[in-house]
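Contents: one structure, followed by commentary.
The values are calculated or read from the model by the stated rules, or taken from the named source; none is laboratory data. The shown structure was predicted, so the numbers you read here are calculated from the model rather than taken from an experiment. In this analysis, Cβ positions are derived from the backbone assuming ideal geometry, glycine residues included, and neighbour counts consider all displayed protein chains.
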Amino acid sequence: MDSLKRIEWGDVFVLGNETMDKEHEGLVNIHNKLVDIVNTKEGTRKKIAEILSELSDAGLRHFQAEELLMDKEDYPNAMEHKRQHRDFIYNVSLYNVNLMGDNPPKAEEIVNFLHDWLLHHIKNHDTEFEIYLEGQN
């Protein structure tokens, strides 16, 4: 197996909203923690499940704050954006539950899903929301 790639936090992810940027960086850091344990072969089911739970908790806190801001600012794409948040939490939770089953998902599958989702969501959907916010002020 090739080494899984960490997400290197940098300016490409920075939206200019300090709170959101810190929360996004925190989500990326949790993802990177998972990558590191999988790459070093220390990724037991239990350890992966613990990190997924941490990611789910951090995601829920972040999504709640972001969605409150969407509602406050009457963001026109809020419904779709919130659906993406729900889908993310659903998928992370499903991976977590399935880890304890007879046919657990491969760690690489989980990491790749998280990697792709975080990159796409922050760079596209959250950027779109931030552009909307800048236009409101």
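Out of 113, 129, report the one residue that is touching a Phe, Trp or Tyr at 6+ places or on another chain (Cβ under 9 Å) and closer than 16 Å to residue 49 by Cα. None of the others qualify; the one that does is 113.
In the range 101-112, the count of residues that are in a loop (DSSP other than H, G, I, E, B) and surrounded by 11 or more Cβ atoms within 10 Å (Cβ to Cβ) is one or more. Looking across 63, 88, 113, one residue alone is more than 23 Å from residue 4 (Cα to Cα) and at pLDDT 95 or above. It is 63.
Looking only at the range 68-81, decide whether some residue is at positive phi and not aliphatic (A, V, I, L, M).
In the first step, residues of the range 68-81 are kept if they are at positive phi; the result is 74.
Checking which are not aliphatic (A, V, I, L, M) leaves us with 74.
Yes, there is a match, as at least one residue in the range 68-81 is at positive phi and not aliphatic (A, V, I, L, M).
Which one is farthest from residue 23 (Cα to Cα), of the residues in the range 69-83 that are surrounded by 15 or more Cβ atoms within 10 Å (Cβ to Cβ) and either within 14 Å of the chain's Cα centre (by Cα) or among the aliphatic types (A, V, I, L, M) (or both)? Only one residue fits best here, namely 78.
You will find that of 74, 116, the residue that is more than 22 Å from residue 39 (Cβ to Cβ) and free of Cβ contacts under 8 Å to residues at least 60 places away in the same chain is 74 and no other. The single condition among (1) touching a residue at least 12 places away in the same chain (Cβ under 8 Å); (2) surrounded by fewer than 16 Cβ atoms within 10 Å (Cβ to Cβ); (3) polar (S, T, N, Q); (4) out of contact with any helix residue (DSSP H, G or I) (no Cβ under 8 Å at 6 or more places or on another chain) that residue 53 does not meet is (4). Checked against (1) without any contact (Cβ under 8 Å) to a residue 60 or more places away in the chain; (2) farther than 23 Å from residue 7 by Cα, residue 134 passes all but condition (1). Filter the range 1-49 down to residues that are more than 17 Å from residue 116 (Cα to Cα) and either of a type in the set (Gly, Ala, Ser) or assigned to a helix (DSSP H, G or I) (or both), then give me how many there are. Number satisfying all stated conditions: 16.
Name the single residue that is surrounded by the fewest Cβ atoms within 10 Å (Cβ to Cβ) among those in the range 3-41 being small (Gly, Ala, Ser) and in contact with a helix residue (DSSP H, G or I) (Cβ under 8 Å, 6 or more places away or on another chain).
From the range 3-41, those small (Gly, Ala, Ser) are 3, 10, 16, 26; that's our starting set.
Okay, now just the ones that are also in contact with a helix residue (DSSP H, G or I) (Cβ under 8 Å, 6 or more places away or on another chain), so 3, 16, 26.
Values: 3: 9, 16: 11, 26: 17.
The selected residue is 3.
Please determine, by comparing only the residues of the range 119-131 that are without any contact (Cβ under 8 Å) to a residue 60 or more places away in the chain and farther than 19 Å from residue 4 by Cβ, which one is surrounded by the most Cβ atoms within 10 Å (Cβ to Cβ). Give the steps one after another, and end with the answer.
Filtering the range 119-131 down to residues without any contact (Cβ under 8 Å) to a residue 60 or more places away in the chain leaves 120-121, 124-125, 128, 131.
Subsequent filtering for residues that are farther than 19 Å from residue 4 by Cβ retains 124-125, 128, 131.
Numbers: 124: 11, 125: 15, 128: 13, 131: 11.
That would be 125.
Of a type in the set (D, E, K, R), in a helix (DSSP H, G or I), under 11 Å from the mean Cα position of the chain (by Cα) and within 19 Å of residue 127 (Cα to Cα): is that true of residue 66 in this structure? Judged against the criteria, residue 66 is not a match. Listed by first and then second residue, the pairs with beta-carbon distance under 6 Å, at least 6 apart or on different chains, first residue in the range 18-45 and small (Gly, Ala, Ser), second in a helix (DSSP H, G or I) and surrounded by 16 or more Cβ atoms within 10 Å (Cβ to Cβ), are 43/37; 43/107.
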